[in-house]
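A.B. asks: Okay, here's the structure, questions in a sec.
The values are calculated or read from the model by the stated rules, or taken from the named source; none is laboratory data. Worth saying up front: this structure is predicted, and the values here are computed from it rather than measured. Note that each Cβ is placed from the backbone with ideal geometry, even for glycine, and that neighbours are counted across all protein chains shown. All accessible areas refer to the heavy atoms of the entire protein, side chains included, with ligands and DNA or RNA removed. Shrake-Rupley method; radii C 1.70, N 1.55, O 1.52, S 1.80 Å.
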Amino acid sequence: MKIKTENSVKIKTSLLCGFVLENSNNVLGLGKYDVKTTLAINQSLKDMEGKLGRISIIPMPGKNPAQRILLAGIGKKENLTNDTIRHVSGKIAQKSRELKLKEFSIITPPSFVIDQISSVTQIIEGCKMSLYKFDKFKAEKAEKSPDLTIIVSKSSKILHAIKTAEIVSEGAIFTKSIANLPPNECTPTTLANFARMISKKNKMKCYVISEPELKKKGFGGISAVGQGSKKEPKLIVLEHTHGPKNENPVVLVGKAVTFDTGGISLKPGDRMDEMKFDKCGGCTVLGIMKAVSELKLPINVVGIIPSVENMPSGESYRPGDIIKLYSGKTAEILNTDAEGRLILADALAYGEKQYTPKAIIDFATLTGACIVALGTNVAAIVSNDEKLTKRINESSKKTTEQVWELPLNQDYTDMIKSDVADMKNVGIGRAAGTITAAAFLKNAVEKTPWVHIDIAGVAWIQSATKEKSYNPKGATGFGVRLILDYLQNV
Ligand code: BES
Ligand code: MN
Ligand code: ZN
């Protein structure tokens, strides 16, 4: 999808789209038309009432520069959020593709409805993300995405916002497209190759640590979880260094279990296929790093992705094993299905030791308990730093990637004490599963402000997920837009 900007609503287009507030008698930003056309538009306005998500299309008579006009309801002004524009724009884009159009145009609503920067951002994110379709393995491919003209008063700020929104959406789409890959096609080595590919394109540094170095360097968690699979574990690192030389970086860590069978503590078969999405945290970090480098953000950012496949075999790690993590602390394994915290603990400790970061943020499809606690539209955050949490909350409001903080204090940390090692890899029964997992991670971070984001509920579309045009079936790329907003304002 190509994106153009235009000042006038009088451009030649196959579909001119405008937003309509609930029960209003005009299309926001639409120019004047002849009597006959105006009557048709007014009738359509009455019929669709500007109700959120409703769409109505009016064919135009021959001499109009627009072949059709599309009215898109955005509901009541007091309920309007960024997400409304993003979702409705996505619906418009999908409609244009359904009509097999080569291009369509959207009039940005005036600034008394929503500010211009937000509005172009949401329109582009909505249109681009809603047209992504995972059809790599289907003979019948999705129709080619139509091009978009945004009708807006141009300024350098707006043009910058447009370029940014394009890169950010492409980051999220990149995350979706690798997260959707099946586990037979996407192994830790595949992810390492994706990292190398984006590092080459955008001049980032990339290095990958494999066995036997992982074991030699003390990555006991990654080595243990990875040892049951024929697919070699990897620790993937990307460095974006566009900030001042002496400025400490932000470190992003993402869990990438390319398939989680549970290992010897085997999962039940029902919906086990969804555990191909257990790599989503790592894919989110890859998408963010791709966008950070394309945006050339003037900061230092490091992405660290521990990647393994968790399989049962004669070589697997076992319940009862005691392993030594990169931090030097020992962990008693009581359930091999609690594997994410082991590989993340290694990566977090490595990130802190190697880079003395000013902040660490990690993403992981870590606990089923997170879905029980918060459902499938809100991610859990657990942190050791109020300021950093506040920043993440601000970005969450802007991007509508929703988060909710859970508490973490000594009482929870006590729940992962082991009789025979420094920690055990599960808590007590099912109590506070998301927090006890975070408590395990906290032990890997000594002094750095840190936020853990459990994306188990939000990383892909599940049956309880709220429908959004810009998140079609499969992986959502959750976290990419959220953290890119944070990184643009650090
Ligand atoms: N990847 C899973 C968590 C998960 C499950 C995410 C379902 C999304 C949907 C994780 O590795 C896991 O298996 N966690 C266990 C931990 C338990 C053994 C302490 C869980 O949540 O059951
Ligand atoms: Mn697991
Ligand atoms: Zn897992």
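A.B. asks: Would you mention how many residues in region 302-337 are within 15 Å of ligand 1 (Cβ to nearest atom), among the hydrophobic types (A, V, I, L, M, F, W, C) and open to solvent by 10 Å² or more (accessible area, probe 1.4 Å)?
C.D. replies: 2
A.B. asks: Taking E386 and the conditions (1) free of Cβ contacts under 8 Å to residues at least 12 places away in the same chain; (2) within 18 Å of S223 (Cα to Cα), which numbered condition does it fall short on, given that it satisfies the others?
C.D. replies: (2)
A.B. asks: The conditions are (1) of a type in the set (S, T, Y); (2) in the same structural domain as E274 (by TED's automatic domain parsing); (3) within 20 Å of V292 (Cβ to Cβ), and T164 fails exactly one of them. Which is it?
C.D. replies: All conditions are met except number (2).
A.B. asks: Right, next: Which ones in region 236-268 are within 24 Å of G351 (Cα to Cα), surrounded by fewer than 24 Cβ atoms within 10 Å (Cβ to Cβ), of a type in the set (D, E, K, R) and touching a residue at least 12 places away in the same chain (Cβ under 8 Å)?
C.D. replies: Residues satisfying the conditions are E239, E247.
A.B. asks: Can you find even one residue in region 479-486 that is at pLDDT 95 or above, open to solvent by 20 Å² or more (accessible area, probe 1.4 Å) and not in a helix (DSSP H, G or I)?
C.D. replies: Initial filter on region 479-486 (at pLDDT 95 or above): 479-486.
Restricting the remaining residues to those that are open to solvent by 20 Å² or more (accessible area, probe 1.4 Å) gives 485.
Filter once more, keeping what is not in a helix (DSSP H, G or I): none.
So far as region 479-486 goes, no, none of its residues is at pLDDT 95 or above, open to solvent by 20 Å² or more (accessible area, probe 1.4 Å) and not in a helix (DSSP H, G or I).
A.B. asks: Test G457 against the stated conditions and say whether it is assigned to a loop (DSSP other than H, G, I, E, B), open to solvent by less than 20 Å² (accessible area, probe 1.4 Å), within 25 Å of T336 (Cα to Cα) and of a type outside the set (S, T, Y). Spell out how you get there, then give the answer.
C.D. replies: On the way: assigned to a loop (DSSP other than H, G, I, E, B): yes; open to solvent by less than 20 Å² (accessible area, probe 1.4 Å): yes; within 25 Å of T336 (Cα to Cα): yes; of a type outside the set (S, T, Y): yes.
The answer is yes for G457.
A.B. asks: Return the residues of region 95-122 that are more than 16 Å from F19 (Cβ to Cβ) and in contact with a helix residue (DSSP H, G or I) (Cβ under 6 Å, 6 or more places away or on another chain); say none if nothing qualifies. Before you say what the answer is, go through the steps one by one.
C.D. replies: At the first step, the residues of region 95-122 found to be more than 16 Å from F19 (Cβ to Cβ) are 97-103, 117.
Listed by number, the list holds a single entry, I117.
A.B. asks: Still on this structure, please answer the following. If you scan region 137-163, which residues turn out to be in a loop (DSSP other than H, G, I, E, B) and open to solvent by 10 Å² or more (accessible area, probe 1.4 Å)? Steps first, please.
C.D. replies: At the first step, the residues of region 137-163 found to be in a loop (DSSP other than H, G, I, E, B) are 137-146, 152-155.
Those that are in a loop (DSSP other than H, G, I, E, B) and open to solvent by 10 Å² or more (accessible area, probe 1.4 Å): F137, K138, A139, E140, K141, A142, E143, K144, S145, S153, K154, S155.
A.B. asks: From the list D362, D385, D346, which residue is of a type in the set (D, E, K, R), open to solvent by 20 Å² or more (accessible area, probe 1.4 Å) and either within 16 Å of ligand 2 (Cβ to nearest atom) or assigned by TED's automatic domain parsing to the domain that holds M272 (or both)?
C.D. replies: Result: D385 is the single residue among D362, D385, D346 that is of a type in the set (D, E, K, R), open to solvent by 20 Å² or more (accessible area, probe 1.4 Å) and either within 16 Å of ligand 2 (Cβ to nearest atom) or assigned by TED's automatic domain parsing to the domain that holds M272 (or both).
A.B. asks: Select from region 106-131 the residues that are in contact with a Lys or Arg (Cβ under 7 Å, 6 or more places away or on another chain) and either in a helix (DSSP H, G or I) or assigned by TED's automatic domain parsing to the domain that holds T476 (or both) and write down the one among them that is farthest from I85 (Cα to Cα).
C.D. replies: Checked region 106-131; the qualifying residue farthest from I85 (Cα to Cα) is I117.
A.B. asks: How many of the residues in region 257-271 are out of contact with any Phe, Trp or Tyr (no Cβ under 9 Å at 6 or more places or on another chain) and more than 10 Å from ligand 3 (Cβ to nearest atom)?
C.D. replies: Within region 257-271, residues that are out of contact with any Phe, Trp or Tyr (no Cβ under 9 Å at 6 or more places or on another chain) and more than 10 Å from ligand 3 (Cβ to nearest atom) number 7.
A.B. asks: Could we say that Q410 is open to solvent by 50 Å² or more (accessible area, probe 1.4 Å) and either in contact with a His (Cβ under 7 Å, 6 or more places away or on another chain) or free of Cβ contacts under 8 Å to residues at least 12 places away in the same chain (or both) here? Spell out the reasoning first.
C.D. replies: On the way: open to solvent by 50 Å² or more (accessible area, probe 1.4 Å): yes; either in contact with a His (Cβ under 7 Å, 6 or more places away or on another chain) or free of Cβ contacts under 8 Å to residues at least 12 places away in the same chain (or both): yes.
Yes.
A.B. asks: Residue check, F134 against (1) touching a helix residue (DSSP H, G or I) at 6+ places or on another chain (Cβ under 8 Å); (2) among the hydrophobic types (A, V, I, L, M, F, W, C); (3) in a helix (DSSP H, G or I), all met but one. Which one?
C.D. replies: Only one criterion is unmet by F134, namely (3).
A.B. asks: Mind counting the residues in region 285-301 that are in a strand (DSSP E or B) and open to solvent by 10 Å² or more (accessible area, probe 1.4 Å)? Step through it out loud before you land on a result.
C.D. replies: Quick first cut of region 285-301, residues in a strand (DSSP E or B) only: 300-301.
Keeping just the survivors that are open to solvent by 10 Å² or more (accessible area, probe 1.4 Å) gives 300.
Qualifying residue count, region 285-301: 1.
A.B. asks: So which residues in region 42-90 are open to solvent by 60 Å² or more (accessible area, probe 1.4 Å) and among the basic types (K, R)?
C.D. replies: Those that are open to solvent by 60 Å² or more (accessible area, probe 1.4 Å) and among the basic types (K, R): K46, K51, R54, K63, R68, K76, K77.
A.B. asks: Just one of the numbered conditions (1) within 18 Å of the chain's Cα centre (by Cα); (2) within 16 Å of ligand 3 (Cβ to nearest atom) is not true of P312; which one?
C.D. replies: All conditions pass for P312, except number (1).
A.B. asks: Just the residues that are part of a helix (DSSP H, G or I) and of a type in the set (F, W, Y), please, taken from region 164-219. Show your work before the answer.
C.D. replies: Keep residues of region 164-219 that are part of a helix (DSSP H, G or I), which gives 164-179, 188-202, 213-216.
Passing the criteria: F174, F194.
A.B. asks: For region 348-380, which residues satisfy the criterion of being among the aliphatic types (A, V, I, L, M), within 19 Å of V250 (Cβ to Cβ) and within 14 Å of ligand 3 (Cβ to nearest atom)?
C.D. replies: Taking region 348-380 first, the residues among the aliphatic types (A, V, I, L, M) are 348-349, 359-361, 364, 366, 369, 371-374, 378-380.
If we keep only those that are within 19 Å of V250 (Cβ to Cβ) as well, we get 348-349, 359-361, 364, 379.
Hit for region 348-380 is A364, nothing else.
A.B. asks: Considering every residue within region 216-235, establish whether at least one is crowded, with 23+ Cβ neighbours inside 10 Å and under 23 Å from the mean Cα position of the chain (by Cα).
C.D. replies: Looking for residues that are crowded, with 23+ Cβ neighbours inside 10 Å and under 23 Å from the mean Cα position of the chain (by Cα), one finds at least one in region 216-235, hence yes.
A.B. asks: Which one of these is buried (at least 24 other Cβ atoms within 10 Å of the Cβ) and within 16 Å of ligand 2 (Cβ to nearest atom): G351, G340? Step through it out loud before you land on a result.
C.D. replies: On the way: G351 fails: within 16 Å of ligand 2 (Cβ to nearest atom).
Only one candidate passes the filter, namely G340.
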